[in-house]
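Have a look at the structure below, then the notes.
The values are calculated or read from the model by the stated rules, or taken from the named source; none is laboratory data. Here the structure is a predicted model, which is why all the values come from computation and not from measurement. Reconstructed Cβ throughout: ideal geometry from the backbone, glycine too, with neighbour counts over all protein chains shown.
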Amino acid sequence: MATEHRHLEQLLTSAAHMFPTWEEIDLAEWLPRIVEQFKKVRSQLANHFAQEEAGGCLEEAVSRRPALAGEARNLEADHPRLLQQLGTLVQRGEQAQPTVKQCRALEHEFRALVADIHRHEEAENQLLERGFNVSLQHEGA
Ligand SMILES: [Fe+2]
Ligand SMILES: [Fe+2]
């Protein structure tokens, strides 16, 4: 899952780099490209979440440390919410006019969503660490 998280991270970073100095670019050309990038992020995120839900590492962390079950459930509940927000962003991008104002708004929204995704992934990593640390201690004892 660590590798998966890195891939996701790269995609988010490359999308974030696509935001230009607004005054200098051809927005009509840029807008469809950023929408494509949003779609890419959405489909990779959907794959990633589906894999997690199919019972990978999170489930194993919970089976090793059942006290984490509630937290793991909350994390899984983030998945549909984040995907829906990305879907909304794609829609707004598709309907946007290539004006600086609207493109800036998309950027703003995308960055907020990326911060949300980062918080989610970070919480997930921490949960895994706790689940697996405890079990390692048990195995060592
Ligand atoms: Fe997740
Ligand atoms: Fe994840």
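Residue count for the range 88-104 satisfying the condition of being exposed (fewer than 14 other Cβ atoms within 10 Å of the Cβ) and more than 16 Å from the chain's Cα centre (by Cα): 8. For Q84, the stated conditions do not hold, so it cannot be described as surrounded by fewer than 13 Cβ atoms within 10 Å (Cβ to Cβ), not charged (D, E, K, R) and not in a helix (DSSP H, G or I).
Of A123, A112, A61, A72, which residue is part of a helix (DSSP H, G or I), surrounded by fewer than 17 Cβ atoms within 10 Å (Cβ to Cβ), of a type outside the set (S, T, N, Q) and modelled with pLDDT under 95? Reasoning before the result, please.
Values: A112 fails: modelled with pLDDT under 95; A61 fails: surrounded by fewer than 17 Cβ atoms within 10 Å (Cβ to Cβ); A72 fails: surrounded by fewer than 17 Cβ atoms within 10 Å (Cβ to Cβ).
That would be A123, the only listed residue that is part of a helix (DSSP H, G or I), surrounded by fewer than 17 Cβ atoms within 10 Å (Cβ to Cβ), of a type outside the set (S, T, N, Q) and modelled with pLDDT under 95.
The residue that is farthest from ligand 2 (Cβ to nearest atom), among those in the range 10-24 that are free of Cβ contacts under 8 Å to residues at least 60 places away in the same chain and surrounded by 14 or more Cβ atoms within 10 Å (Cβ to Cβ), is P20.
Residues that are at pLDDT 85 or above and more than 16 Å from ligand 1 (Cβ to nearest atom) within the range 2-28 comprise Q10, T13, S14, A15, A16, H17, M18, F19, I25, D26, L27, A28, listed in sequence order.
In this structure, does E36 turn out to be assigned to a helix (DSSP H, G or I), among the acidic types (D, E), away from ligand 2 (no atom under 13 Å from the Cβ) and within 21 Å of G131 (Cβ to Cβ)? Before the answer, list the steps.
Values: assigned to a helix (DSSP H, G or I): yes; among the acidic types (D, E): yes; away from ligand 2 (no atom under 13 Å from the Cβ): yes; within 21 Å of G131 (Cβ to Cβ): no.
It is false that E36 is assigned to a helix (DSSP H, G or I), among the acidic types (D, E), away from ligand 2 (no atom under 13 Å from the Cβ) and within 21 Å of G131 (Cβ to Cβ).
Scanning the range 107-127 for residues that are more than 10 Å from ligand 2 (Cβ to nearest atom) and polar (S, T, N, Q) returns a single hit, Q126.
Taking the criterion of being within 16 Å of ligand 1 (Cβ to nearest atom), aliphatic (A, V, I, L, M), without any contact (Cβ under 8 Å) to a residue 24 or more places away in the chain and over 30 Å from D26 (Cβ atoms), would at least one residue in the range 69-76 satisfy it?
As a first pass, look at the range 69-76 and keep what is within 16 Å of ligand 1 (Cβ to nearest atom): 69-76.
Pick out the ones that are also aliphatic (A, V, I, L, M) and you get 69, 72, 75.
After this cut, where a residue has to be without any contact (Cβ under 8 Å) to a residue 24 or more places away in the chain as well, the list is 69.
Checking the rest, the ones that are also over 30 Å from D26 (Cβ atoms) come to 69.
Looking for residues that are within 16 Å of ligand 1 (Cβ to nearest atom), aliphatic (A, V, I, L, M), without any contact (Cβ under 8 Å) to a residue 24 or more places away in the chain and over 30 Å from D26 (Cβ atoms), one finds at least one in the range 69-76, hence yes.
A search for C-beta distances below 6 Å between a residue of the range 29-50 that is under 17 Å from L113 (Cα atoms) and away from ligand 1 (no atom under 16 Å from the Cβ) and any residue that is hydrophobic (A, V, I, L, M, F, W, C) and part of a helix (DSSP H, G or I), counting only pairs 6+ apart in sequence or on different chains, returns Q37/A15; F38/L89; F38/V90; K39/V90.
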